[in-house]
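For reference, the structure discussed in these notes is given below.
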Amino acid sequence: MLRYEYDKLKLNMQEKANGNDVEFDIRCLDGAIMEAIKRVQELFEDNDVHTDVLFYAYPNHEYRVIVRQDYYVDFILALMKHRVLQRVEWMT
């Protein structure tokens, strides 16, 4: 399991299990974070697996992201790479 941290002044994010998937409700409170989320979205949309991570955009800079369980770590690390997250660590 991974634990992560983010700047709550720039982002609201909630994670919940949904069957074999993990759902994230994300609200961007900062323009730079919104652009970073779009780069993460492009990363997963441009790969060969179409059902790994699904992004749904809503008004007010809100997103619902559905992540297949086997792509969870890839998604979290992509958020870290694009500086959406400030810290990621493995939990034992």
Note to self, the chain gives a 222 nm [θ] from helices alone (DSSP H runs n ≥ 4, -39500 (n - 2.57) apiece, / all residues, nearest 500) of -8500 deg cm²/dmol
Can you list the HN-Hα couplings for the range 16-28, worked out from phi with the Karplus curve (6.51, -1.76, 1.60; θ = phi - 60°), rounded to whole Hz and with x for Gly and Pro?
8, 6, 9, x, 8, 10, 10, 9, 10, 9, 10, 10, 8
At a probe radius of 1.4 Å, what is the per-residue accessible area of residue 10, in Å² to the nearest 10?
80 Å²
For residue 7, list long-range residues whose amide hydrogen, built 1.01 Å from N in the peptide plane, is under 5 Å from its own amide hydrogen.
86
Quick one: Cα convex hull volume of the chain, Å³ per residue?
93 Å³
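The values are calculated or read from the model by the stated rules, or taken from the named source; none is laboratory data. As the structure is a computational prediction, the values presented were derived from the model and not from experiment. Accessible surface areas use protein heavy atoms only, side chains included; no ligands, DNA or RNA. Shrake-Rupley method; radii C 1.70, N 1.55, O 1.52, S 1.80 Å.
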